[in-house]
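Undergrad: One structure, as structure tokens, below. Some questions next.
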Amino acid sequence: MKAIIIDQPGDENVMRWDEAPAPALGPEDVRIAVVATAVNRADLLQRRGFYPPPPGASPILGLECAGEVLEVGAKVPSGFARGDRVMALLPGGGYAAEAVAHHGSVLRVPEALDLVHAGGVPEVYLTVFSNVFQYGRFPDGGSLLVHGGGSGVGTAAIQLVNEAGGRCYVTAGSDEKCRRCVELGAAAAINYRTEKFAERIQELTGGKGVDVVLDSIGGPYLEGNLASLGMGGRLVVIGLTGGAKAELNLAGLMLRRLEIIGSTLRARPVDEKAAIVRGFEQRFGAALAAGRIRPVVDRVLPIAEAPEAHRRVESSAHVGKVILQVR
């Protein structure tokens, strides 16, 4: 088969579309003929040598894919058959003609969604669902602040929170991105370059703060994130793009009964990922099937143009997902 090969870490130009061994099929795995995958910031880090795959995972980039089932392992429960349209959460291996996934991480693609766009669903929607709704315990009619509102995670958060009857506030790095986020359904968008987001959140919520903050920045945003939370609120940290260290006033944490939750998705055991998938399907599967939620796609590029796709995401010029079409 063909895949994106990286001989040594580096910039976007180290990636090339070339021959690679097909992945081995485990007894609980599903083999997928990949139609599309998508670029996530974790891919950029791995390409540069900063985010190695978990033990046993494919070294090939790609945390999600969509395509058709080629074969299933001997211990896969009934329900998947050759030719089925599926999408999958992967620990690696999506930038390839074939990928294997544990059956618990595989979802059916509804008729309302084509396979190319489905390639941008699993990673961001399952990230938002697990961190906001499961770990963050997002309440009915609640409020969320998510940083990077124009990202894949940000645009997915806007949709899922709206579907749940809540309000999603976002930050973004330009007035144009803020405008796009509001068009997508954000209750308000804050330009973090010109406004202090914590102060603006207090204004927008009448001093109440939000129920949950979903943060991928880390250290520099800790103080502002905590100041944005209401009584008993939860901060869920899923990334450290701004740095891993910050000073914390524990008194404020105690007095306002706040929680800080750290979370990653890629290295979770397969049974935990399967529980996330089942929970998402139960809560939002009908909305996905009806087309009420669907990935916001910035652009679709052929897999051979992976370097350009990475440059697009690295520049933060995109809104939504950058899709790589494999076939």
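The values are calculated or read from the model by the stated rules, or taken from the named source; none is laboratory data. Keep in mind that this is a model prediction, so the values were computed, not measured. Cβ placement follows ideal geometry from the backbone for every residue including glycine, while neighbour counts extend to all protein chains displayed.
Undergrad: In the same structural domain as Leu258 (by TED's automatic domain parsing), of a type in the set (Phe, Trp, Tyr) and either in contact (Cβ under 8 Å) with a residue 60 or more places away in the chain or in contact with a His (Cβ under 6 Å, 6 or more places away or on another chain) (or both), is that true of Phe197? Reasoning before the result, please.
TA: On the way: in the same structural domain as Leu258 (by TED's automatic domain parsing): yes; of a type in the set (Phe, Trp, Tyr): yes; either in contact (Cβ under 8 Å) with a residue 60 or more places away in the chain or in contact with a His (Cβ under 6 Å, 6 or more places away or on another chain) (or both): no.
Considered against the rule, which asks whether it is in the same structural domain as Leu258 (by TED's automatic domain parsing), of a type in the set (Phe, Trp, Tyr) and either in contact (Cβ under 8 Å) with a residue 60 or more places away in the chain or in contact with a His (Cβ under 6 Å, 6 or more places away or on another chain) (or both), Phe197 comes out as no.
Undergrad: Of all the strands (runs of 3 or more DSSP E) wholly in the range 1-80, which have at least 2 residues that are in contact (Cβ under 8 Å) with a residue 24 or more places away in the chain and over 28 Å from Ala317 (Cβ atoms)?
TA: Details: elements: 2-6, 15-19, 29-38, 64-72.
Because the criterion is at least 2 residues that are in contact (Cβ under 8 Å) with a residue 24 or more places away in the chain and over 28 Å from Ala317 (Cβ atoms), the strands (runs of 3 or more DSSP E) in the range 1-80 that meet it are 29-38, 64-72.
Undergrad: Exactly one condition in (1) surrounded by fewer than 21 Cβ atoms within 10 Å (Cβ to Cβ); (2) assigned to a helix (DSSP H, G or I); (3) over 16 Å from the mean Cα position of the chain (by Cα); (4) in contact (Cβ under 8 Å) with a residue 12 or more places away in the chain is not met by Arg179; state its number.
TA: (4)
Undergrad: Another question about this same structure. Between Arg311, Arg234, Arg299, Arg278, which is outside any loop (DSSP other than H, G, I, E, B), modelled with pLDDT of 95 or more and crowded, with 19+ Cβ neighbours inside 10 Å?
TA: Working: Arg311 fails: crowded, with 19+ Cβ neighbours inside 10 Å; Arg299 fails: crowded, with 19+ Cβ neighbours inside 10 Å; Arg278 fails: crowded, with 19+ Cβ neighbours inside 10 Å.
None of the other options fit; the residue is Arg234.
Undergrad: Within the set of pairs 6 or more residues apart or between chains, which connect a residue that is without any contact (Cβ under 8 Å) to a residue 24 or more places away in the chain and within 17 Å of Gln282 (Cα to Cα) inside the range 139-167 to a residue that is polar (S, T, N, Q) and buried (at least 24 other Cβ atoms within 10 Å of the Cβ) with Cβ atoms less than 7 Å apart?
TA: Listed pairs, sorted by first residue: none to list.
Undergrad: Please state which one of Arg108, Arg85 is more than 15 Å from Phe280 (Cα to Cα) and of a type in the set (D, E, K, R). Steps first, answer last, please.
TA: Details: Arg108 fails: more than 15 Å from Phe280 (Cα to Cα).
None of the others qualify; the one that does is Arg85.
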